[in-house]
Amino acid sequence: MSTQTALIVVPPGFVLKEFTSFPSSHRLVVAEKVAKIERKVFPSSENFDYDIELKKKNIGLLLAFKEGEPDNLVAYLVYQRLKRQVWLHKLCVVEVRKGKGLGKFLIHSLNLKMKKGGCQNIQLWLDENRKPARALYASCGFQQLEYRPDYYSPGRPGLRMGLFIG
């Protein structure tokens with residue numbers, strides 16, 4: 001996995017940025033773009049309050065933009081670092097950009113960043129019914145660790161998945 005991860009490059013036509021790379025004065029605008037996309041993609045019960053979440057020191061946000069269009073956010077990944085473990089909280093690719101490798105690229109970027117930082121694993125919870133997401137995580141090496149019926153709501157089981165990176 002690590003050899004494969006080291007060879008991952010940005011999909012053509014896109015650029016990756018970390019939220020913390022933006023000037024403080026521009027971060028609110030970026031956070032609003034993320035929240036707007038999230039409201040379209042995820043159920044309202046799963047939406048983050050980015051005004052609060054992004055102020056936490058252990059929360060990170062990786063962002064993919066269309067190259068040459070710094071206002072065109074096309075994908076993002078939200079994570080939380082807890083010592084040697086990382087929780088991947090959100091991964092979202094806008095509908096028109098799906099299938100371009102952005103989700104896999106964000107996961108591999110997180111993997112490399114956390115490996116350099118001494119983390120040992122990445123974990124996440126996933127709605128069992130989100131088959132494309134399950135396929136993406138499996139293709140990146142994640143394994144199912146736990147199953148919980150009704151994790152998200154009645155009839156929406158959750159899978160805890162993990163990826164060893166240490």
Report task. State which entries of 40/83; 56/113; 55/104 exceed 29 angstrom in Cα-Cα distance in the structure shown. Result -> 40/83
Report task. For n ≥ 4 DSSP H runs only, could you compute -39500 (n - 2.57) per run for the chain, divide by its residues and tell me the 222 nm figure to the nearest 500? Result -> -9000 deg cm²/dmol
Query raised in the report: Counting other Cβ atoms within 10 Å, which trypsin sites (Lys or Arg not before Pro) in the range 71-166 have at most 11 and lie in a DSSP loop?
Result: 83
Requested in this report: Compute the normalised compactness of the chain: alpha-carbon radius of gyration over 2.2 N^0.38 Å, N being the residue count.
Outcome: 1.00
Requested in this report: With only Lys, Arg, Asp and Glu charged, each at its Cβ (+1 for the first two, -1 for the last two), find how big the charge dipole of the chain is about the Cα centre; round to the nearest 20 debye.
Outcome: 380 debye
Query raised in the report: How do 95, 69 line up, fewest other C-beta atoms within 10 Å first?
Result: 95, 69
Query raised in the report: Along the positive direction of the dipole of the chain (beta-carbon charges: Lys, Arg +1; Asp, Glu -1; about the Cα centre), which of 24, 48, 145 reaches farthest?
Result: 145
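Using Cβ contacts closer than 10 Å as the measure, can you line up 52, 165 from fewest to most?
Listing 52, 165 from fewest to most nearby Cβ atoms yields 52, 165.
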Query raised in the report: Which one of 114, 13, 158 has its Cα pushed farthest toward the positive end of the charge dipole of the chain, where Lys and Arg give +1 and Asp and Glu give -1 at the Cβ?
Result: 114
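If I take every Cα pair under 8 Å that is 6 or more residues apart in the chain, average their sequence separation and divide by the length, what percent do I get for the relative contact order?
18 percent
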Query raised in the report: Quick one: if the Förster radius is 25 Å, what FRET efficiency do residue 150 and residue 52 give, using the C-beta to C-beta distance and rounding to 0.05?
Result: 0.40
Query raised in the report: Within the range 51-68, what residues put their amide N at less than 11 Å from the label point 7 Å along the Cα-to-Cβ vector of residue 84?
Result: none
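No lab work stands behind these numbers, since they all come straight from the coordinates. What you see is a predicted model, and the numbers here were worked out from it, not measured in a lab. All Cβ positions, glycine included, derive from the backbone under ideal geometry; neighbour counts span all protein chains shown.
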